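The values are calculated or read from the model by the stated rules, or taken from the named source; none is laboratory data. Keep in mind it's a predicted model, so treat the numbers as computed, not measured. Virtual Cβ from ideal backbone geometry, glycine too; neighbours counted across all protein chains shown.
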Amino acid sequence: MRIIAGLGVELYDLFTGGGLLTGDVEFYLDSARRFGGPILELWTGTGRVLIRLADAGHEVVGMDFPVPCWIEPLQSSATGMS
C-alpha cells in the first residue's frame, strides 16, 4: 500500500465543489444559524467548511491531525512492520 500525502488535499476541494457534497456547506451554515455555537469541527482538512462558518460570524474551532502523525504508521502497518 502506497500513500501519497498531499495529493488528496490538492484534489479534495475540486471534487467537493459539486457532486456528492453539493449543499453541505449551506446545511452547516443553516444549522449554525438555527442552533448557535460555539462550533467544533473535527477533521477540518482544508478548512472548506470552517472558513465559511467563520466568515458568517460564527465562533468556530477546528481540529485536525498533521499528516505525518498518521501517514507513517499507516505505511508501516501496510508493509507488516511496526
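Filtered by the rule that a residue be more than 11 Å from the chain's Cα centre (by Cα), modelled with pLDDT under 80 and surrounded by 10 or more Cβ atoms within 10 Å (Cβ to Cβ), the range 43-78 gives V67, W70, I71, E72, P73, L74, Q75, S76, S77, A78. For the range 11-38, a tally of residues being in a helix (DSSP H, G or I) and modelled with pLDDT of 80 or more returns 12.
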